[in-house]
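Undergrad: There's a structure below that I have some questions on.
The values are calculated or read from the model by the stated rules, or taken from the named source; none is laboratory data. Fair warning: this is a prediction, and the values are worked out from it, not measured in the lab.
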Amino acid sequence: MIESELLLEKYRVQRKLSLESSSIREYLAKTRLTANKVAKTYGFSLHYAQIPNLGIQLTSTSLCK
């Protein structure tokens, strides 16, 4: 496995957020807040796509199962 200071920090933060979160939704919310804090610290901004909640989409592959 490739290791660098950046990846080690990423893994540390992921582990910390995972332990602090009681659900995947909470984990994702905390991840987004943390990413925005880091972006602000380093003087850049993050832009997220606005994707409508369409639910689960059936594909031809899933229909054949």
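Undergrad: Please give the number of the condition residue 61 fails out of (1) modelled with pLDDT of 80 or more; (2) assigned to a helix (DSSP H, G or I); (3) not basic (Lys, Arg).
TA: Status for residue 61: all satisfied but (1).
Undergrad: Within the stretch 1-30, count every residue that is among the hydroxyl-bearing types (Ser, Thr, Tyr) and modelled with pLDDT under 90.
TA: Summing the residues that are among the hydroxyl-bearing types (Ser, Thr, Tyr) and modelled with pLDDT under 90 in the stretch 1-30 gives 1.
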